[in-house]
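Below: the structure, in structure tokens.
The values are calculated or read from the model by the stated rules, or taken from the named source; none is laboratory data. The structure presented is a predicted model; accordingly, all values stated were derived computationally and were not measured. No Cβ is skipped: glycine too gets one built from the backbone with ideal geometry, and neighbour counts run over all protein chains shown.
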Amino acid sequence: MSELHTPHAGDDRAPDIDVVALLMRQHGDIRNLFDEVEATTGDERRDAFRRLVRLLAVHETAEEEVVHPFARRNLAGGERVVEDRLAEEKAAKEALSALDDLDTDDPAFMPRLLQLRADVQEHARAEERYEFTHIRGGTGVTDLAAMAKAVKAAEAMAPTRPHPGVESAAANMALGPVAALVDRTRDAVRKAMGKDG
Ligand SMILES: [Fe+2]
Ligand SMILES: [Fe+2]
């Protein structure tokens, strides 16, 4: 594999066997969920925001556990690229956690959501350009598939589609705050990679 173009959503590889395709799809799902939160109100917005919180927390945690360590070890200049991405992810998780403490009807909610969206978007673009492109260009199918499997295990913690009917408040409560979700996702990923939590 030698192509070094920046991957785009809709690239024709299977997300099950290519971690880059899978993460690109999640970037698209995250964009769509931001759209959905912005376009809705009331309970619908609350439900869409729950799904966004989950997917974003799960996605960033999976990248931190799976893809960034790989990039750090295997890409030229990987150390620096990964440091920048980790700093952005830390900031995003803190912003997400703070936003999660607000009600979606709070007047402060939407301006902060839009700021988070801009930051997350820029972060995703940097990953695609400086990290994913090079991973795809220089990584064997076995490693791409093994990483995809671990990211899939994380994704199982974050359904992106609405359940039939709006989710119950009890189900949302059971999920707990962002920090707890991050911990559970990390455990699932490590298990999938054959490491102890
Ligand atoms: Fe990320
Ligand atoms: Fe990402």
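At-a-glance table
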quantity: Residue that is modelled with the highest pLDDT, among those in the range 102-142 that are within 16 Å of ligand 1 (Cβ to nearest atom) and of a type in the set (Ser, Thr, Tyr); calculated: Tyr130
quantity: Matching residues, the range 100-119, being part of a helix (DSSP H, G or I) and of a type outside the set (S, T, N, Q); calculated: Asp100, Phe109, Met110, Pro111, Arg112, Leu113, Leu114, Leu116, Arg117, Ala118, Asp119
quantity: Test set (1) more than 14 Å from ligand 2 (Cβ to nearest atom); (2) modelled with pLDDT under 95; (3) more than 19 Å from Ala95 (Cβ to Cβ) - Ala21 fails condition number; calculated: (1)
quantity: Pair list, Cβ < 9 Å and 6+ apart or interchain, from the range 33-48 residues that are on the phi < 0 side of the Ramachandran plot to residues that are β-branched (Val, Ile, Thr) and in a helix (DSSP H, G or I); calculated: Phe34/Val120; Arg45/Val37; Ala48/Val37
quantity: All positions within the range 73-86 that are within 11 Å of ligand 1 (Cβ to nearest atom) and either surrounded by fewer than 17 Cβ atoms within 10 Å (Cβ to Cβ) or among the hydroxyl-bearing types (Ser, Thr, Tyr) (or both); calculated: Asp84, Leu86
quantity: Test: residue in the range 51-58 that is within 15 Å of Val19 (Cα to Cα) and within 16 Å of ligand 2 (Cβ to nearest atom); calculated: yes
quantity: Subset tally (residues that are within 16 Å of ligand 2 (Cβ to nearest atom) and in contact with a helix residue (DSSP H, G or I) (Cβ under 9 Å, 6 or more places away or on another chain)) for the range 91-124; calculated: 13
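Residues are listed down the side, and each one gets a yes or a no for (1) crowded, with 18+ Cβ neighbours inside 10 Å; (2) in a helix (DSSP H, G or I); (3) within 16 Å of ligand 1 (Cβ to nearest atom); (4) of a type outside the set (A, V, I, L, M):
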| site | (1), (2), (3), (4) |
| --- | --- |
| Glu38 | no, yes, no, yes |
| Arg46 | yes, yes, no, yes |
| Val53 | yes, yes, yes, no |
| His59 | yes, yes, yes, yes |
| Glu64 | yes, yes, yes, yes |
| Ala71 | yes, yes, yes, no |
| Glu89 | yes, yes, yes, yes |
| Lys93 | yes, yes, yes, yes |
| Ala98 | no, yes, no, no |
